[in-house]
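The values are calculated or read from the model by the stated rules, or taken from the named source; none is laboratory data. It should be emphasised that the depicted structure is a prediction, and the values quoted were computed from it without experimental measurement. As a convention, Cβ positions derive from the backbone with ideal geometry for all residues, glycine included, and neighbour counts pool all protein chains shown.
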Amino acid sequence: MAIRSVAAGPRHSATWLSPLLVLLGTIVVAFLLISPIRIGPGDHEKYASCGNALSMDLSPWANAPNSEDKRYYWEMAHRICTTERIDRVAQAVGALSATLLISAVVVVRRQLRSRSASEPER
């Protein structure tokens with residue numbers, strides 16, 4: 001009884017995985033950039049939106065409760081909203097980087113598998 005070597009056929013890798021990852025990453029980035037940012041430095045604007053990562057709208061904070069604190073009140077809302085916008089853009093950049101890294105790993109892994117399957121054994 002002799003043992004014989006049989007050449008392995010081509011392995012079917014998930015060719016749909018990389019485009020699906022890119023689509024999912026695009027949806028996450030778009031959601032992070034477009035979804036409203038909710039802040040509330042005062043009680044009557046609690047959970048009011050100051051815009052999103054792409055545009056700022058501080059109209060809910062235009063009317064301060066009294067005129068003495070109006071400038072401070074608006075500056076506090078501006079500072080908090082700007083901080084949240086920067087955080088949101090950083091999250092979007094992180095999601096984009098992770099998407100590119102994962103899709104690159106999937107593509108390189110697929111290429112290495114196809115290259116090793118086509119090389120003859122020694």
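Taking the residues in the range 1-39 that are among the small types (G, A, S) and assigned to a loop (DSSP other than H, G, I, E, B) as candidates, determine which candidate is modelled with the highest pLDDT.
My answer is S35.
Pairs please, first residue from the range 99-122 and under 22 Å from V29 (Cβ atoms), second anywhere and at pLDDT below 85 and assigned to a helix (DSSP H, G or I), Cβ atoms under 7 Å, 6+ apart in sequence or on different chains.
S103/S18; V106/L17; V106/S18; V107/S18
Just to check your reading of the model, which residue among S67, S59 is closer than 24 Å to Y47 by Cα, loosely packed, with under 13 Cβ neighbours inside 10 Å and at pLDDT 80 or above?
The match here is S59.
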